[in-house]
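Structure record follows, encoded as structure tokens.
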Amino acid sequence: MDIYDIPFQRMDGTTTTLADHRDDVVLVVNVASRCGLTPQYEALETLQKTYADRGFTVIGFPSNQFLQELGSNEAIAEFCSTTYGVTFPVMDRVRVNGRRAAPLYEALKQTPDAGGHDGRIRWNFEKFLVLPGGDVRRYDPKTVPDDPQIVETIEGALPR
């Protein structure tokens, strides 16, 4: 199945896909509110504000897979809004590993990162940059969202 056709849930329970972003650059991130990497929300929001008008979006997927996410969508939405001023879409909570992993994550995990790691999500804030046409780049959790390699890839894929 094409990555753009894989369904997933918004926080309000409605189903969507990446189809509306086929020509965009999308940074998919499994997020968590109570993680040592949670301050990455700030850089994610900065990327969103910097590039949104050129066809870029961050999409956050809260996951309690590592036992560091809040218990409800309402609590997650409030945390994201009040703590980091998040304006990018944050979806319904997902599992990123195991038998019940979200289908989108099953597809994304097939892409290796620069170190050759594919498969299992290692921790919160693992990043997948989906470029126009469906090419995917994977970045480990400790790679900050505004890492020069990520920014250069975003800028190179966006219209001038």
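Before moving on, here are some points about what is shown:
- Shape parameters for the chain, alpha-carbon atoms, Rg then Dmax in Å: 14.3, 42
- Taken about its Cα centre, the range 40-132 carries a charge dipole of roughly 340 debye when the Cβ of each Lys and Arg holds +1 and the Cβ of each Asp and Glu holds -1.
- Charge sum, other residues only, whose C-beta stays under 12 Å from residue 73's C-beta, Lys/Arg counted +1 and Asp/Glu -1: -3
- Cβ-based charge dipole, the range 1-137, positive-most Cα from 55, 132, 117: 117
- The range 52-110 pair-distance distribution - Cα-Cα, 5 Å bins, rounded %: 4, 17, 23, 22, 17, 12, 4, 0
- Unit charges on C-beta of K, R, D, E only; dipole of the chain, Debye: 480
- Reduced Cα scattering model of the range 1-76, Debye log10 I(q)/I(0), q = 0.26, 0.27 Å⁻¹: -1.27, -1.28
- Report summary: the helix-based calculation at 222 nm, which adds -39500 (n - 2.57) for every DSSP H run with n ≥ 4 and divides by the residues of the chain, gives -7500 deg cm²/dmol.
- Cβ-based net charge around residue 53, under 13 Å, with every Lys or Arg adding one and every Asp or Glu removing one: +2
- Rounded to the nearest 20, the Cβ-based charge dipole of the range 81-160 about its Cα centre (Lys and Arg +1, Asp and Glu -1) stands at 440 debye.
- Charge context of residue 109, other residues only, Cβ under 15 angstrom, K/R +1, D/E -1: +3
Taken together, the values in this text are just the output of simple stated rules run on the coordinates, not laboratory data. Quick caveat, the model's predicted, so the values are computed rather than measured. When we count neighbours, we look across all protein chains shown, and the Cβ atoms used for this are built from the backbone with ideal geometry, even at glycine.
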